[in-house]
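Below is one structure, written out as structure tokens; comments come after it.
The values are calculated or read from the model by the stated rules, or taken from the named source; none is laboratory data. None of the values given here were measured: they were computed from a predicted structure. Cβ sites come from the backbone with ideal geometry, for glycine too, and all protein chains shown count toward neighbours.
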Amino acid sequence: MIVELGHFALVLALGTALVQSVLPLVGARTGDARLMEAGSATSVTGLALLALAFGALTAAYATSDFSVLNVVENSHSAKPMIYKITGVWGNHEGSMLLWVLILSLFGALVALFGRDLPPSLKATVLSVQAWILTAFLLFILLTSNPFTRVVPAPFEGNDLNPILQDIGLAIHPPLLYLGYVGFSIAFSFAVAALIEGRLDAAWARWVRPWTLLAWLFLTGGIAMGSYWAYYELGWGGWWFWDPVENASFMPWLSGTALLHSAAVMEKRSALKVWTVLLAILTFSLSLLGTFLVRSGVLTSVHAFAVDPERGVFILAILCVFIGGSLALFAFRAGELESGGLFAPISREGALVFNNLFLTTATATVLVGTLYPLFLEVLTGTKISVGAPFFDLTFGPLMVPLLFALPFGPLLAWKRADLLGAAQRLYAAVGAALVVAVVVIAVNQGTRILASLGIGLAVWVMVGALVDLAGRAGLPRVGPRTAFSRLRGLPRSAFGTALAHFGVGVTLLGVVCVSAFDTETVTAMRPGQTVSAGGFDLRYEGQTFRQGPNYQEDVGHFTLLDGDREAATIDSAKRFYPARQMPTTEAGIHTLLFSQIYVSLGDAAANGGAVVVRVWWKPMVTLIWLGAVAMALGGAVSLSDRRLRVGAPARRRAARTA
């Protein structure tokens, strides 16, 4: 019964979305306040209905209801409860249900917290949001119904893909979808502004917090996905330039550009047309990522669907929303004011520089991702574009951007003194040079590029702190005065500095692990040792374990620091009978920011030995710690009332004397 209730709630949600698509927009055009207010009521109702549908599917998974086809194909009665729950979105149908649930959540948040929005703009935004929701609800009901029954019901399910049976799956997809789908609000604001023909600094104030919220979730989702692939797939890599990885990275790059462009628009009423275009393109890239994952055009560990019918349906959605919004932009852009003027050397100029390189980098990743697909369609030739292409194109684009990063917050609006900003960065220059020289000396004159990369990372990190020190008055004033000034700074200043500092931390991790990691592949017998990162790793042997829905051979290793046993590391080869699929469970030991990574292979041909891959990963955890710092920086900025509310604070009424 609960399954039918969930299906019925999904159908009602479609009806509610259809009402929300029309009535508020009509009200905005006719000035009817009651019709405009209908958008708020229907968006909250739609959220409740979709939450009911999602809860019904979750209940089917939790109780192992194998009369539901989706549960049969993706669950097993012996699977631990945590993976039964996360398995709800570990498949195409369930993940799409989560997608529309989050989409309706953002619409409801605008309805509940958009009280300061002009009624006509709010109504139009909610209508545009409902257009997207309607399209994807139709997609689910017509091609991807998660509540389809199977008769007769089998006794047991097929189990979830073993590599998805991990705690990372409980975190990675929801965060990623909150980012992907969150950019729909910026898209809806952009389309609403184009429909109304009104675009000003207040629009940027309203759109910035929603963009920032989506950006910080997407940052966390990408970082969690990278770490999940790193430890779960057993290959020791943190980024593979997989097309589906790129599909999430492109909206992140474009969204970062949008955040900075919206800041210029809010402060200086400049870059208006460009900001609207970026809002459209960012969500368009999110839709493109949805198409790549679910159309079957790509084969990836991240991909869900291989049904061409679904791909055609999503492609039609892409054409309608991307093509329609760009056509509306082309029609309206000439009527919009371009905004204020500013000197090239200014904070606005620095943010334009930021946008130029971020959008170029986005285009580079887009070309590298789609070119093999276009080539195969046009000529039938299959090629792959991998890390060498992206390293040679994306990397050089990031170097000037990272070099310019500390200058931006130090430059004044409209017109600035570049030399004065450079003089304030002397500490960052000194720290970067000292660190680079020390790294070169330690490596005896080799690893020049790696040393410069580490110096660049230090430049970015110290540069982020210089901005705060300058605002506090250091070193001209005493500690007490400096602390008092820091307390008076807006939270967005700390958020910006923390996010920029996180960029430097991630860069430091990337450079160190790329330049200095070591890999050893050897056949080991019990008692034999192998060296890694100044430590010795001794193989102790294997034991067999029976898990709830898998069997595993566990290899035991002891990490030796001289004669001292520093740690024990277990690595395993698992086998899932229901899926008839093996997996590798890496053994990882963290030493401050570095890691020893052990992957157990198959038995060696000579018998009695096992193939072992051992990596030394210096500073590898900084890659993800930096991403966490970036996301926290976004959260700190969002806690600033000016960004959280998206409107100026109301003045307090004057007290009567």
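Can you work out which of the residues in the stretch 474-504 that are part of a helix (DSSP H, G or I) and of a type in the set (A, V, I, L, M) is surrounded by the most Cβ atoms within 10 Å (Cβ to Cβ)?
Once the filter is applied, the top-ranked residue is ALA499.
Scanning the stretch 439-457 for residues that are closer than 16 Å to PRO618 by Cβ and under 25 Å from the mean Cα position of the chain (by Cα) yields GLY453, ILE454, ALA457.
Kindly provide the set of residues from the stretch 357-383 that are in contact with a Leu (Cβ under 9 Å, 6 or more places away or on another chain) and either in a helix (DSSP H, G or I) or within 29 Å of LEU405 (Cβ to Cβ) (or both), ordered by number.
Result: PHE357, LEU358, THR359, THR360, ALA361, THR362, THR364, VAL365, LEU366, THR369, LEU370, LEU373.
When restricted to residues that are β-branched (Val, Ile, Thr), closer than 30 Å to VAL462 by Cα and under 21 Å from the mean Cα position of the chain (by Cα), the stretch 350-406 contains 5. Within the stretch 269-288, the set of residues being of a type outside the set (A, V, I, L, M) and either within 20 Å of LEU194 (Cα to Cα) or modelled with pLDDT under 85 (or both) comprises SER269, LYS272, TRP274, THR275, THR282, PHE283, SER284. Taking the criterion of being under 30 Å from SER599 (Cβ atoms), part of a helix (DSSP H, G or I) and in contact with a Phe, Trp or Tyr (Cβ under 6 Å, 6 or more places away or on another chain), would at least one residue in the stretch 230-249 satisfy it? Yes, the stretch 230-249 contains a residue that is under 30 Å from SER599 (Cβ atoms), part of a helix (DSSP H, G or I) and in contact with a Phe, Trp or Tyr (Cβ under 6 Å, 6 or more places away or on another chain). Identify all residues within the stretch 505-530 that are crowded, with 20+ Cβ neighbours inside 10 Å and of a type in the set (S, T, N, Q); write none if there are none. Scanning the stretch 505-530 gives a single hit, THR506. Going through (1) crowded, with 24+ Cβ neighbours inside 10 Å; (2) in a helix (DSSP H, G or I) one by one, ASP159 falls short only on (2).
Which strands (runs of 3 or more DSSP E) sit wholly inside the stretch 519-620 and have at least 2 residues that are modelled with pLDDT under 90 and over 30 Å from LEU507 (Cα atoms)?
Of the strands (runs of 3 or more DSSP E) lying wholly inside the stretch 519-620, those with at least 2 residues that are modelled with pLDDT under 90 and over 30 Å from LEU507 (Cα atoms) span 594-603.
In this entry, ILE132 passes the filter for residues that are under 30 Å from TRP203 (Cα atoms), among the β-branched types (Val, Ile, Thr) and not assigned by TED's automatic domain parsing to the domain that holds ALA316. Of all the listed residues (GLU232, GLU266), the sole one being modelled with pLDDT under 90 and touching a Lys or Arg at 6+ places or on another chain (Cβ under 8 Å) is GLU266.
Of the residues in the stretch 393-406, none is assigned by TED's automatic domain parsing to the domain that holds VAL503 and within 27 Å of GLU245 (Cα to Cα). The residue that is surrounded by the fewest Cβ atoms within 10 Å (Cβ to Cβ), counting only those in the stretch 582-598 that are more than 19 Å from SER514 (Cβ to Cβ) and of a type in the set (S, T, N, Q), is THR584.
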